[in-house]
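K.L.:
Before we start, here is the structure in question, set down as structure tokens.
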Amino acid sequence: MFFRTLLRFSLTFSLGLVAHAEILKPRVVIVAMFEVGADTGDKPGELQYWVEREHLDRVIPLPAAYHGVRANADGSVIAVLTGGGNTNATATLMALGLDPQFDLRQSYFLVAGIAGIDPADGSIGSAVWADYVVDGDLAHEIDAREIPADWPTGYVPLGKKTPYEQPPLAADYAAGQFYKLNPDLLHWAFALTKDTPLDDNPQMKARRAAYAGFPKAQQPPTVMVGANLAASTYWHGKLMNRWANDWVNYYTRGQGNYVTTAMEDSGTLRALTNLDRASKVDAQRVLVLRTASNYDMQWPGGTASDSMSGESLGVYSAYLPALEAAHRVGSRVVHELAEHWDRYALALPGTAAK
């Protein structure tokens with residue numbers, strides 16, 4: 001009798017703990033990709049400004065992910081650090097989305113990180129809202145020393161025999177190769193942030209001046225819209241830039257213009273797409289903001305190797321200004337969503353008027 005009573009008490013107590021365990025329902029999830037050292041107090045990576053300035057002081061363990069979750073006092077804003085590359089990003093977002101500590105069904109996701117930028121489209125220090133994310137990893141490849149003379153690249157789309165073979169693959173076969181972001185949400189975010197002042201400095205001006213013949217590369221930084229190419233291989237140079245433009249154009253059927261290159265976003269969107277299918281998130285509530293820390297190719301007269309060697313992590317031409325831009329532009333969206341939740345909990349921005 002005693003042991004039966006004890007067992008009943010233990011079960012009741014355990015169920016009570018589960019019933020009263022805190023389940024966070026964040027209004028906004030910030031997705032950063034790398035950090036240099038600690039989350040606070042040292043040289044910043046993509047997470048640090050968010051932790052320090054948005055008071056994300058709580059640390060919530062997330063054992064299946066790359067890094068624990070940071071949260072503000074009431075859990076309305078959280079941040080996750082994915083680790084570099086598409087595989088890390090996919091694994092971390094899946095771990096977050098399936099963890100019972102979080103209910104993300106109404107959460108907005110803001111991916112905010114630095115990137116390389118095409119000098120034909122913009123300048124370093126700029127902030128670019130992505131309308132498309134295209135995967136740059138899934139492909140057939142022939143070494144450049146063995147490609148046929150009439151091929152522009154050794155990279156061939158999966159399921160095809162030659163570069164950019166027409167017609168492009170059907171959308172269901174090419175799933176995971178490209179993602180179109182919610183255009184209403186995207187243009188709402190752009191309209192909200194397009195006049196955000198962005199940092200500039202003499203070092204950035206000197207780097208811009210080297211790009212003669214690229215008028216957009218020589219302009220001060222600005223907020224803009226363009227496609228992001230996500231490839232875990234850090235590529236560089238004018239020939240790879242040409243491939244990036246052609247690859248994005250091919251997969252978006254001419255609708256997307258390549259502007260920025262980064263390493264994780266197709267992995268992040270793969271995870272969020274799968275989680276949406278499982279009714280764990282709403283993939284229409286996703287924004288991708290990439291800020292330009294460096295150009296993706298050499299200046300006229302320069303070499304790809306010289307340009308790449310001078311643009312390593314932490315010493316990019318616009319490293320700190322790009323991190324600043326990611327927070328300065330992105331936080332306008334975060335604050336608007338979090339502080340006016342009665343407006344945005346059920347109706348997505350940009351669609352309410354419709």
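K.L.:
Could we say that LEU320 is closer than 24 Å to LEU81 by Cα, aliphatic (A, V, I, L, M), under 14 Å from the mean Cα position of the chain (by Cα) and assigned to a helix (DSSP H, G or I) here?
P.N.:
Taking the combined requirement at face value, the residue does not satisfy it.
K.L.:
Still on this structure: I'd like to know if region 280-287 contains one or more residues that are assigned to a strand (DSSP E or B), in contact with a strand residue (DSSP E or B) (Cβ under 6 Å, 6 or more places away or on another chain), more than 14 Å from ASP121 (Cα to Cα) and among the hydrophobic types (A, V, I, L, M, F, W, C).
P.N.:
Narrowing region 280-287 to residues assigned to a strand (DSSP E or B): 286-287.
Of the ones still in play, those that are also in contact with a strand residue (DSSP E or B) (Cβ under 6 Å, 6 or more places away or on another chain) are 286-287.
Among the residues that remain, those that are also more than 14 Å from ASP121 (Cα to Cα) are: 286-287.
Adding the requirement that they be among the hydrophobic types (A, V, I, L, M, F, W, C) leaves 286-287.
Looking for residues that are assigned to a strand (DSSP E or B), in contact with a strand residue (DSSP E or B) (Cβ under 6 Å, 6 or more places away or on another chain), more than 14 Å from ASP121 (Cα to Cα) and among the hydrophobic types (A, V, I, L, M, F, W, C), one finds at least one in region 280-287, hence yes.
K.L.:
Inspect all residues belonging to region 246-255 and state whether any of them is without any contact (Cβ under 8 Å) to a residue 24 or more places away in the chain, surrounded by 14 or more Cβ atoms within 10 Å (Cβ to Cβ) and under 21 Å from the mean Cα position of the chain (by Cα). Explain how you work it out, then say what you get.
P.N.:
Residues of region 246-255 without any contact (Cβ under 8 Å) to a residue 24 or more places away in the chain: 249, 254.
Imposing the further condition that a residue be surrounded by 14 or more Cβ atoms within 10 Å (Cβ to Cβ) reduces the set to 249.
Those left that are additionally under 21 Å from the mean Cα position of the chain (by Cα): 249.
Yes, that holds for at least one residue.
K.L.:
Can you tell me which condition HIS335 does not meet? The list is (1) at pLDDT below 95; (2) surrounded by fewer than 18 Cβ atoms within 10 Å (Cβ to Cβ), and all the others hold.
P.N.:
Exception for HIS335: condition (1).
K.L.:
Mind checking which pairs have a first residue in region 79-100 that is of a type in the set (A, V, I, L, M) and a second that is part of a strand (DSSP E or B), Cβ under 6 Å, 6 or more apart or different chains?
P.N.:
ALA79/ILE30; ALA79/ARG70; VAL80/VAL31; VAL80/VAL69; LEU81/ALA32; LEU96/VAL80
K.L.:
A further question follows. Among the residues that make up region 196-212, is at least one of them in contact with a strand residue (DSSP E or B) (Cβ under 8 Å, 6 or more places away or on another chain) and either surrounded by fewer than 19 Cβ atoms within 10 Å (Cβ to Cβ) or over 20 Å from ASP296 (Cβ atoms) (or both)?
P.N.:
Filtering region 196-212 down to residues in contact with a strand residue (DSSP E or B) (Cβ under 8 Å, 6 or more places away or on another chain) leaves 196, 198, 207, 211.
Within this subset, residues satisfying the condition of being either surrounded by fewer than 19 Cβ atoms within 10 Å (Cβ to Cβ) or over 20 Å from ASP296 (Cβ atoms) (or both) are 196.
Yes: one or more hits.
K.L.:
So, one more: Does LEU185 satisfy the condition of being surrounded by fewer than 20 Cβ atoms within 10 Å (Cβ to Cβ), modelled with pLDDT of 95 or more and part of a helix (DSSP H, G or I)? Lay out the reasoning, then the answer.
P.N.:
Details: surrounded by fewer than 20 Cβ atoms within 10 Å (Cβ to Cβ): no; modelled with pLDDT of 95 or more: yes; part of a helix (DSSP H, G or I): yes.
When the stated conditions are applied, LEU185 does not pass them.
K.L.:
List every residue pair whose Cβ atoms sit under 7 Å apart, with the two residues 6 or more apart in sequence or on different chains, where the first one lies in region 42-66 and is closer than 17 Å to ALA112 by Cα and the second, anywhere, is in a loop (DSSP other than H, G, I, E, B) and at pLDDT below 95.
P.N.:
PRO44/VAL36; GLY45/VAL36
K.L.:
In addition: Would you be able to tell me the number of residues in region 258-306 that are aliphatic (A, V, I, L, M) and more than 15 Å from the chain's Cα centre (by Cα)?
P.N.:
Keep residues of region 258-306 that are aliphatic (A, V, I, L, M), which gives 259, 262-263, 269, 271-272, 275, 278, 281, 283, 286-289, 292, 297, 304.
Going one step further and asking which of them are more than 15 Å from the chain's Cα centre (by Cα), we end up with 275, 278, 281, 297, 304.
Selection size over region 258-306: 5.
K.L.:
Name every residue in region 205-230 that is small (Gly, Ala, Ser), on the phi < 0 side of the Ramachandran plot, part of a loop (DSSP other than H, G, I, E, B) and out of contact with any helix residue (DSSP H, G or I) (no Cβ under 8 Å at 6 or more places or on another chain), in order of residue number.
P.N.:
Within region 205-230, ALA210, ALA212 meet the criteria.
The values are calculated or read from the model by the stated rules, or taken from the named source; none is laboratory data. Source: prediction; values computed, not measured. Cβ atoms come from the backbone with ideal geometry, glycine included; neighbour counts cover every protein chain shown.
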